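Working notes for the structure below.
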Amino acid sequence: MNEIAAKRARRGRQTDRVTVKDVAEAAGVSMMTVSNVIHNRANVSDQLRQQVQQKIEELGYVPNRAAQELAGMVRPHVGLLYPGVINPFIAAVIVGAMKAAARLHVDVSVQLAQIDDPKELKATITRMESGGIDGFLLPSPIAEFIAANPKKVPLSVPAVALAPGHPLPGLASVRCDERQAAYDLVSLLVAAGHDRIGHVAGPDAQSGSAARLQGYEIALRAHGIAMRPDCIVQSAAFRFHDGLIAAEELLSREPRVTAIFAANDTLAAAVVATAQRRGIPVPAALSVVGYDDSPVAEQVWPGLTTVHQDAQAMTERAMEVLDAGIRARRKDPATPLVSDTVMPYQIVARSSVAPVGTS
């Protein structure tokens with residue numbers, strides 16, 4: 001105690017206020033632990049919490065932000081992590097987050113974060129939590145990675161997964177039933193007479209890829225169509241270039257498929273481009289469907305039949321869930337945030353599907 005007072009005396013009047021660093025030194029803990037106690041986070045033992053609170057009282061430290069939080073005066077601060085690629089989905093997520101933030105009186109910080117370097121991802125999250133982030137919005141594949149690796153990338157604040165293919169352990173989620181949506185889309189192709197339907201699957205890292213593949217497989221079985229492994233090609237990523245590679249492989253096989261379900265609209269657009277280059281008319285000789293109803297679904301010719309899931313609306317709902325969770329945590333640090341919100345989707349029919357044998 002006297003040593004801390006001496007340090008403050010040497011610093012002079014301009015820095016006379018007790019700091020978090022002073023409290024951490026006096027309590028023999030890290031500044032992160034002090035921050036966690038101040039922000040009422042649940043990842044601190046009762047013993048450490050009491051130890052830090054005792055030093056706070058002894059030193060006369062006034063944690064202004066924490067006091068205001070307890071009074072409900074400080075706006076929640078949300079961190080939105082994005083995986084480094086700005087695609088239509090991520091763009092809609094950012095717009096949805098900003099719209100919801102203005103309505104809910106929440107601050108948002110957008111931060112690049114990638115799963116190929118777990119140490120850097122952990123450092124990013126720790127830095128943001130230390131800077132006052134109260135909760136995270138986690139789009140795919142970041143959400144899946146964090147849920148699968150809680151020890152490598154621990155979270156001490158609430159988090160909501162955006163549009164995962166299924167609920168993720170330890171996280172709240174806001175999503176559509178992607179398996180059922182894929183089932184409905186493939187059933188539409190079956191209703192048009194197609195029984196040799198290919199699938200350009202998405203990357204393994206994203207749970208939505210698995211859900212859409214499952215929906216495709218369940219639909220084929222339900223309609224009495226034999227599963228053929230040679231009708232499935234996986235793309236390396238949800239990018240146009242990767243879609244071109246996958247489409248070329250699938251359309252080179254014999255006998256050729258008469259319809260293709262691509263795991264997103266960008267991949268579906270690549271299928272259409274590849275078919276046209278190979279002289280295969282769409283939809284007369286090849287029906288193509290996508291997923292997401294992103295702008296490219298209307299921009300490509302013919303327009304893509306696809307699944308519409310409103311990424312912006314999902315993000316706004318996720319912000320509401322996270323905001324409520326943060327405010328509940330401020331009252332009781334042990335309050336869990338594990339919920340699963342399933343939002344509606346719809347099939348959007350355009351001109352990329354025709355009955356089999358039209359050409």
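The values are calculated or read from the model by the stated rules, or taken from the named source; none is laboratory data. Keep in mind that this is a model prediction, so the values were computed, not measured. Ideal geometry is used to build each Cβ from the backbone, glycine not excepted, and the neighbour counts take in all protein chains shown.
Here are some notes:
- Evaluated against (1) of a type outside the set (Lys, Arg); (2) surrounded by 20 or more Cβ atoms within 10 Å (Cβ to Cβ); (3) touching a strand residue (DSSP E or B) at 6+ places or on another chain (Cβ under 6 Å), residue 132 falls short on exactly one condition, (2).
Residue-by-condition table, conditions (1) outside any helix (DSSP H, G or I); (2) under 26 Å from residue 32 (Cβ atoms); (3) without any contact (Cβ under 8 Å) to a residue 24 or more places away in the chain:
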residue	(1), (2), (3)
81	yes, yes, no
91	no, no, yes
95	no, no, no
100	no, no, no
110	yes, yes, no
119	no, yes, yes
124	no, yes, no
129	no, yes, no
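- Residue check, residue 175 basic (Lys, Arg) and part of a strand (DSSP E or B): yes
- Test for residue 315: is it closer than 30 Å to residue 193 by Cβ, within 25 Å of the chain's Cα centre (by Cα), crowded, with 24+ Cβ neighbours inside 10 Å and of a type in the set (Val, Ile, Thr): no
- Candidate set from the range 156-174 (those that are of a type in the set (Gly, Ala, Ser) and either modelled with pLDDT of 95 or more or surrounded by 23 or more Cβ atoms within 10 Å (Cβ to Cβ) (or both)); member that is farthest from residue 108 (Cα to Cα): 165
- Take the conditions (1) more than 21 Å from residue 337 (Cβ to Cβ); (2) at pLDDT 90 or above; (3) within 16 Å of the chain's Cα centre (by Cα); residue 93 misses just one of them, which is (1).
- The residues listed here are 267, 213; of these, the one that is touching a residue at least 40 places away in the same chain (Cβ under 8 Å), crowded, with 18+ Cβ neighbours inside 10 Å and out of contact with any helix residue (DSSP H, G or I) (no Cβ under 7 Å at 6 or more places or on another chain) is 213.
- Qualifying positions in the range 280-308 - among the small types (Gly, Ala, Ser) and at pLDDT 95 or above: 284, 285, 287, 290, 297, 303
- Criterion applied to 246, 259, 205, 236 was being more than 25 Å from residue 141 (Cβ to Cβ) and of a type outside the set (Phe, Trp, Tyr), and the one residue passing it is 259.
- Residue count for the range 330-347, restricted to those that are touching a strand residue (DSSP E or B) at 6+ places or on another chain (Cβ under 8 Å) and over 19 Å from residue 147 (Cβ atoms): 5
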